[in-house]
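*Asks:* Got a structure here, written out as structure tokens. Questions coming.
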Amino acid sequence: MSAPAPRSLAMPQPQPALAAPAPAYGYPPNDSAPSSSSPQTHQLGESEYKPPEFANGSIARSITRTPSPTQSELDLLSGVRRKRSWQEMIRQVLVLAIIVVVIALIEVYHDKIINALKPVTRWLHGLKGGWLIPIVAMIALSFPPLFGHEVIAMLCGLVWGLGPGFGIVVAGTLLGEIITFFFFRFFCGARGAKLELSNMNYGTLAHIVRKGGIVIAIITRYSALPAHFTTAVFATCGMPFWVFLIAAVVSLPKQFAIVYIGFALGTSGDTQSNKIQKIVLGITVVITVAAMVYIRRLMFTARADVVYARRKARQAKLEGSSPV
């Protein structure tokens, strides 16, 4: 009887390991996940996304999702206005009442105001180098939240007349705005970036200025927004200096209208000058209101982009604080 055949002593072959699929949320759709040895760059519209790497060269996969909108962002998207407190409403009513009262007093006590200012106007006009005083004052008042350019411009028109007065206002305005621009560009850039993410209105205004270029810059300068405030926004949102300078020069006719109002105040009894003054004031108000309405409309249409940018900023902060 023959012996049974010996069993085979060969070891069983190991089965190949199953490859774990890449998570769908880690990379853009229709792209394969990159290998750990060769990082790849994925095209995301106009920008590029490069997956972050760990110290050992492996690729970090982001598992954070874009955070949901906050309640204030949902209110902005849905057009729900924040309920104002009675203190804010009283402040706005007081500001409007002060403006109306000042205009009414100028119209009623026109002659008395001119007679009261005559000693000051004679002193400034006769002072050697007196024209430097309003220039220095306008430079000092160019930093927000200070204000008072309009009063100085009217005084220049009253003291030095239309031509020289406007020249003084141009020098003070441009020098002050340029200094303000570079101050905010170099010292307040980080503060402006934080304000864009914390203040809805500021962030929306900075967004449309950044995307609109020179045309939106000029319209913003003609709006009811204070000129030095728009300069701060231009500087912190990354606008090129030449764009800001062109917008500032093109918006100088707005200053000319204020100088003319002061010049017309000095022509007591001149009916034609008073009529031109009212026409200039009316045109200035119409242009200012129209520009402001257009800017507000642009801010309304840009709210979705601003909210999305805020959400992505929160996502980047989460990924940076706890990378996976």
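*Asks:* Scanning for something under 28 Å from residue 281 (Cα atoms) and either modelled with pLDDT of 85 or more or open to solvent by 40 Å² or more (accessible area, probe 1.4 Å) (or both), does region 181-203 turn up at least one residue?
*Replies:* no
*Asks:* For residue 167, all conditions in the list (1) of a type outside the set (A, V, I, L, M); (2) more than 30 Å from residue 188 (Cβ to Cβ); (3) part of a helix (DSSP H, G or I); (4) open to solvent by 60 Å² or more (accessible area, probe 1.4 Å) hold save one; what is the number of the exception?
*Replies:* With (1) of a type outside the set (A, V, I, L, M); (2) more than 30 Å from residue 188 (Cβ to Cβ); (3) part of a helix (DSSP H, G or I); (4) open to solvent by 60 Å² or more (accessible area, probe 1.4 Å) applied to residue 167, the lone miss is (4).
*Asks:* Of all residues in region 95-148, which are under 30 Å from residue 183 (Cα atoms), open to solvent by less than 70 Å² (accessible area, probe 1.4 Å) and assigned to a helix (DSSP H, G or I)?
*Replies:* 134, 135, 137, 138, 139, 140 - these are the residues of region 95-148 that are under 30 Å from residue 183 (Cα atoms), open to solvent by less than 70 Å² (accessible area, probe 1.4 Å) and assigned to a helix (DSSP H, G or I).
*Asks:* Go through 314, 310 for me and flag whichever is of a type in the set (D, E, K, R), open to solvent by less than 40 Å² (accessible area, probe 1.4 Å) and touching a residue at least 40 places away in the same chain (Cβ under 8 Å).
*Replies:* Sole residue among the options that is of a type in the set (D, E, K, R), open to solvent by less than 40 Å² (accessible area, probe 1.4 Å) and touching a residue at least 40 places away in the same chain (Cβ under 8 Å): 310.
*Asks:* Could we say that residue 247 is out of contact with any Asp or Glu (no Cβ under 9 Å at 6 or more places or on another chain), surrounded by 13 or more Cβ atoms within 10 Å (Cβ to Cβ) and either touching a residue at least 40 places away in the same chain (Cβ under 8 Å) or among the acidic types (Asp, Glu) (or both) here?
*Replies:* So residue 247 fails the test.
*Asks:* Also: Looking only at residues that are under 16 Å from the mean Cα position of the chain (by Cα) and more than 26 Å from residue 301 (Cβ to Cβ) in region 209-244, which one is least open to solvent (accessible area, probe 1.4 Å)?
*Replies:* Among them, the one singled out is 228.
*Asks:* Answer yes or no: is there a residue in region 212-231 that is within 18 Å of residue 180 (Cα to Cα) and without any contact (Cβ under 8 Å) to a residue 24 or more places away in the chain.
*Replies:* Yes, region 212-231 contains at least one residue that is within 18 Å of residue 180 (Cα to Cα) and without any contact (Cβ under 8 Å) to a residue 24 or more places away in the chain.
*Asks:* Look through region 241-299, keep the residues that are small (Gly, Ala, Ser) and over 30 Å from residue 185 (Cα atoms), and return whichever of them is modelled with the lowest pLDDT.
*Replies:* Per the stated criteria, the residue is 269.
*Asks:* Pairs, please: C-beta under 6 Å, at least 6 apart or cross-chain, first residue at negative phi and in region 169-191, second outside any helix (DSSP H, G or I) and open to solvent by 10 Å² or more (accessible area, probe 1.4 Å)?
*Replies:* From region 169-191, the pairs are 180/143.
The values are calculated or read from the model by the stated rules, or taken from the named source; none is laboratory data. All of these numbers come straight from a predicted model, not from anything done at the bench. No Cβ is skipped: glycine too gets one built from the backbone with ideal geometry, and neighbour counts run over all protein chains shown. With ligands, DNA and RNA removed, areas are computed over all heavy atoms of the protein, side chains included. Shrake-Rupley method; radii C 1.70, N 1.55, O 1.52, S 1.80 Å.
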